[in-house]
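Have a look at the structure below, then the notes.
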Amino acid sequence: MDFFMQYLFLTLITMIASVYVLQKRGTKTLPPGSFGWPLVGETYQFLFIKIEHFIQERVNKYSSEIFRTSILGEPTVVLCGPGANKFVSTNETKLVEVWYMKTQRRLFNIPDRTHGAKPKPKPKQEAASAAPVKSLGILKPEGIARYMGNMIESTIHQHFMTHWAGKTEVKVYPLVKAFSLTLVCQFFLGLDKPILATEFDNLHSGIYSVPVNFPGSTYRRALKAAAAIREEIQFQIKEKIDAFSKGQVVDDLLAHVVGSEQGGKYVPKMAISNIIMGLMNSSYIPIAINLAFMIKHIGQRPDIYQKIVSEHADVTKSKGSGTALDWDSMQKLKYTWAVAQETMRLYPTAPGVFREVLTDITYEGYTIPKGWKIFWALVGTNKNPNYFPEPESFDPSRFEGNNFPAPYTWIPFGAGPRSCPGKDYVRFVVLSFIHVLVSKFKWEAILPDEKVSGVLIPTPTEGIPIRLHPH
Ligand code: HEM
Ligand SMILES: *[C@@H]1O[C@H](CO)[C@@H](O)[C@H](O)[C@H]1NC(C)=O
Ligand SMILES: CC(=O)N[C@H]1CO[C@H](CO)[C@@H](O)[C@@H]1O
């Protein structure tokens, strides 16, 4: 009941505030749309209807790529299309600022900067979140090369030896998940074994869940998982500090972050564990999803497989076999990356991101009031036939040379100052994995029509079983 009272209260406040806003704004036009049912708004539609359909239904109904709705008690405007993509990304920090749903804030310890009528504080804590990552450059190519370069090859070979060698059939998704977690634990924590698999899975399931903290609810499981992950990361931090104090040399990423200073002060343990947890969350499952669907489509298309194989053979010839893929070689794997990009178009792992409106915004003749939230639908263009003819067909040539999508029509990593800093990590891991995979196997998808579940993030229902043919 506690939750409902709290919810009721919040929603009432929101409704009263919205009515007030509506009156005050008299002549200004709000975007078309509906706040949905009293109390819950359109929360259930948002969380339970596939995001593409949720958006398309409303875009068609209102003949508009901007519409209003209400999610978890927040009046929200959904924006999609190239114009909106340009608008949001170029007005970042001036008109809008990054914002997270209550579920994400609770799970990741992200402070709520704005609820109620508090003056807008300087985004200090939040700066603490991205700053060490950006200033230390750990996600830039040099950082990745330094903390992962020399181990990724052996991790991949080890993975194939343990899970693929000698098999005639495997389920790809669970395997690439295990692989992705292994790398994440190596890279971010300096561990040689993956940990917290169940916890990260539960955390991931909770991100877009209904925030009811009842026994057995998805959200409660996610909260518990988040607590366990934080505790484990803090334990790992303590290990680094102990090692330092014994004079041992520890040269992994976590040790580097623990030992680093921000403006003359060491970053506190709690802040570090939040940052590292956020990074591990962003890297683990999205990469597994991308690899899994990519492998499925390659397995369905011998022409694509052949082109990839010959591209990798060329790279191997010029770098010499037995040495790891370096950044120069990665630049040459253009076709393989095009296949990864086409996979991101059809199976996007970041459906959209939230923003908070800092001052009344006029866009397309509509007013978006200060304090409202924006759901910036990054997937809004992905299957639009105006930008991607025959949008349902898997066609990597859309990302080759002159064919490359027009600006702002495809932004899987966002755009502007807030865009994803993990892009290079994704590229490094995906290309390295495919490089070894095609050198060892040919394969075909056993269930070409396997269903894709997941409302906001696509998930293969059967785990993508494939039949393997070793070379
Ligand atoms: C296929 C994989 C990935 C996709 C599609 C993706 C997508 C995105 C998107 C769309 C944003 C923008 C958020 C915004 O504009 O508010 C973002 C932010 C972010 N991503 Fe990724 N990401 C991926 C992988 C990664 C990886 C591997 C890492 C870390 C190694 C990472 C770390 C981050 C961080 C730290 C932010 C927040 C940046 C900020 O707020 O300034 N992401 N990601
Ligand atoms: C955690 O990862 C999911 C993608 O799997 C993403 O949607 C979400 O924004 C991430 N949360 C944070 C706080 O990094
Ligand atoms: C205040 C501000 O910077 N507004 C910009 C928002 O984005 C549009 C489209 O890119 C620009 O034209 C505005 O100048």
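The values are calculated or read from the model by the stated rules, or taken from the named source; none is laboratory data. Bear in mind that the values here come from a model prediction, so they are computed numbers and not experimental data. Cβ placement follows ideal geometry from the backbone for every residue including glycine, while neighbour counts extend to all protein chains displayed. Heads up: the accessible areas ignore ligands, DNA and RNA and are worked out on the full protein's heavy atoms, side chains in. Shrake-Rupley method; radii C 1.70, N 1.55, O 1.52, S 1.80 Å.
Quick notes on this structure:
- Lysine pair count for region 246-320 (Cα-Cα distance under 22 Å; residues 8 or more apart in sequence or on different chains): 5.
- C-alpha long axis of helix 172-184 to longest principal axis of the chain, angle in °: 90
- Listed pairs Lys177/Lys240; Lys171/Lys332; Lys50/Lys102; Lys177/Lys451 exceeding 22 Å between Cα atoms: Lys177/Lys240; Lys171/Lys332
- Projecting the Cα atoms of Val429, Val452, Tyr387 onto the charge dipole of region 335-471, computed from C-beta unit charges around the Cα centre, puts Val429 farthest toward the positive end.
- 3J(HN,Hα) along region 86-101, derived from phi through the Karplus expression 6.51 cos²θ - 1.76 cosθ + 1.60 where θ = phi - 60°, amounts to 5, 4, 5, 5, 7, 9, 3, 6, 8, 10, 9, 9, 4, 8, 10, 4 Hz, with x in place of Gly and Pro.
- Placing +1 on each Lys and Arg Cβ and -1 on each Asp and Glu Cβ, with no other charges, gives the chain a dipole about its Cα centre of roughly 1020 debye.
- Share of carbon and sulfur in the accessible area of the chain stands at 57%, probe radius 1.4 Å.
- The charge dipole of region 312-471, taken about its Cα centre with unit charges on the Cβ atoms of Lys, Arg (+1), Asp and Glu (-1) only, comes to about 380 debye.
- With the highest mean first, a sort of the peptides 49-60, 276-287, 312-323 on other beta-carbon atoms found within 10 angstrom per residue produces 276-287, 49-60, 312-323.
- Region 414-471 - accessible surface per residue (Å², probe 1.4 Å): 41
- Per residue, the accessible area of region 247-312 comes to 38 Å² when a 1.4 Å probe rolls over the protein heavy atoms.
- Accessible area (Å², per residue) of region 178-233, counting only protein heavy atoms and a probe of 1.4 Å: 40
- ³J(HN,Hα), Karplus 6.51/-1.76/1.60, whole Hz, each residue of region 230-245, x for Gly, Pro: 4, 4, 5, 5, 5, 4, 4, 5, 4, 4, 5, 5, 4, 4, 4, 5
- Sorting 41-48, 338-345 by average packing, meaning the other beta carbons within 10 Å per residue, from highest down gives 338-345, 41-48.
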